[in-house]
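Structure, as structure tokens:
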Amino acid sequence: MNVPADAGLQPAAMAIPEEGYFQLEQGRYGPIFPRTPANYGFTIIAKIKPGTADAIRAYGKVLEKIVRDDPHAFAVLQLHYLRWVLFNIEDKTFFMYQGIFDTDFDKYTEDAVALFHTLGVDTVFENLEEFPADWKTNVPAFIKFVRDHQCPSFLEYGEYPYAPSAEIKKALAVKRALSVMLDETQ
Amino acid sequence: MSPDDLSGSTRRAFLGSATAATALTLASSAGAEQTPTMVHGPDPTKLAQLKTNPAAEPPSAPKPGDWTKPSAMAIPKEGYFQLEQGRYGPIFPRTPANYGFTIIAKIKPGREATVREYGGTIEKAVREQPDVLAPLRLHYLRWVIFDVGSGPHFMYQGIFDTDFDKYLEDAVALFVKTGINTVFVNLEGWPDDWKTNLPAVIKFFRDHQRPSFLEYGEYPYVSADEVKKALRVKGALSAMLDQMQ
């Protein structure tokens, strides 16, 4: 991963064109979205099927338990933060999946499809309108759904920009280890 | 990192006074707020196809403040676990993804391009003065315009270390101080007297806040200050070791 030399030391903001990228560069499934000071990420917004809000909300508890039982269950996704939100606009309910992570958009989606399938939480997406019925055997269709519902940011800001999650965790570990060492020498 | 950043520092100061007490600090600040929220009541929704039992809580549940263990938190529909009134309304909990909000509001007709231009304004302000948003104690910000068939909407999504109301107070003060007009004047329902009517501003944000029902943090409950200190310590140590080669 190309990490700028000053990663993590100076806050940065980036304005992003309406298309979600600066130059059209085709990836495996569509345009490659840029890494920003807030790393890679997406904001997926999709309308939910009527009457499924409670079922979707219940998956929050399922994910909570999965991570509690195995805190590193999502390690492959190289996450910083995830937020799942349900909201209404004009009496229609929408699901928003917002993530900040260190892999590119398509790799994240591929990994997430495989992981969620393994964990048994992929069915949450079946509550969304336009979700492909054959998603279990059709990863490209899943990724197309995600891309079709991606809403690119027009501004992203990072207080410790471009710092990968793994670097942050290493730094926290180094700082703690050094602190313990210094305490022992007092 | 400039060596000047560390000049005149003792070993303890070099690490940051909070370093030695990192675990305690994090545990106390987060734990005080989170302990009640980690107790989960029975889930009224039953999903026959799910193999797991959300109501069961194993004794190995990670404690808030243990950043070595990624953590997820399911949040009730109201956005909080227990109703506790703050200065302007219910207090929203700190989660593994810290404090934050998702503000969604409809853009006034014809203002979409103006809203989008604010992206460049903020980018320039931060480039010229990287710590311009420091009072907000941010981790990340994302501004999104989306249209799901009801006209363009603006979404302001933030992850930060102060509570919801303090963030808003600081944000309004910052905008008034810097003279930057806020992007929110382009949103429907935004109070015209926002510069002098803080309660109206906070009411707008609370009315347009859409609480998460799940939040996840890979390095949960760690403040941005702690992250930056750690990155500086690691950078300095790495540079020091390079010099010893």
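Each value in this text was obtained by applying a stated rule to the coordinates, not by laboratory testing. The structure displayed is predicted, hence computed values, not measured ones. Here Cβ is always computed from backbone atoms with ideal geometry, including for glycine, and neighbour counts include all displayed protein chains.
Worth a mention:
- Neighbour cut-off at most 12 other Cβ (10 Å), DSSP loop, trypsin sites (Lys or Arg not before Pro), region B:87-135: B:ARG87
- For region A:12-184, the Kirkwood hydrodynamic radius from C-alpha pairs, put into Stokes-Einstein at 10 °C and a viscosity of 1.306 mPa s, yields a diffusion coefficient of 90 µm² per second.
- Pairs of Cα atoms nearer than 8 Å and 6+ residues apart set the relative contact order; for region A:91-186 it is 26 percent.
- Part-to-part distance (alpha-carbon centres) for region B:103-161 and region B:205-235, which is given in Å: 18
- Taken over region B:98-211, lysine pairs spaced eight or more positions apart, or on distinct chains, with alpha carbons under 23 Å apart number 12.
- Span-like helix ranges in chain A, DSSP H, alpha carbon extent 20 angstrom or more, Kyte mean at least 0.5: none
- For A:PHE154, residues with placed amide H under 5 Å, excluding near neighbours: B:TRP143, B:VAL144, B:ILE145
- Taken about its Cα centre, region B:105-178 carries a charge dipole of about 240 debye when Lys and Arg each add +1 at the Cβ and Asp and Glu each add -1 at the Cβ.
- Measuring nothing but how far apart in sequence close Cα pairs (under 8 Å, 6+ apart) lie, relative to its length, region A:12-184 scores a relative contact order of 36 percent.
- Among B:ASN98, B:THR114, B:PHE160 the positive-end extreme of the charge dipole of region B:98-211 (Cβ point charges): B:THR114
- Cα centre as origin, Lys/Arg/Asp/Glu Cβ charges: chain A dipole, Debye: 320
- Value of Rg to Rh for region B:115-176 (Rh from inverse mean 1/r over Cα pairs, i.e. Kirkwood): 1.00
- Shielding by partners - mean other protein chain Cβ count within 10 Å, residues of A:176-182: 6
- Shielding by partners for peptide B:236-242, expressed as the average number of C-beta atoms from other protein chains within 10 Å of each residue's C-beta, is 1.
- Counting only residues at least eight positions apart within a chain, or on another chain, the lysines with an alpha carbon under 27 Å from that of A:LYS175 are B:LYS63, B:LYS69, B:LYS228, B:LYS229, B:LYS234.
- For the options A:GLN98, A:GLN23, A:GLN78, a Gaussian network treatment of chain A with springs between C-alpha atoms closer than 10 Å singles out A:GLN23 as fluctuating the most.
- Most fluctuating residue given options A:LYS175, A:LYS47, A:LYS144, as computed from a GNM of chain A linking Cα atoms under 10 Å: A:LYS175
- Pairwise Cα distances in region B:98-211 exceed 25 Å in 16 percent of cases.
- Trypsin sites (Lys or Arg not before Pro) lying in DSSP loop within region B:142-226, provided at most 15 other Cβ fall within 10 Å: B:LYS195
- Taking Cα centre as origin and charging only the Cβ of basic (Lys, Arg, +1) and acidic (Asp, Glu, -1) residues, the dipole magnitude of region A:26-83 rounds to 200 debye.
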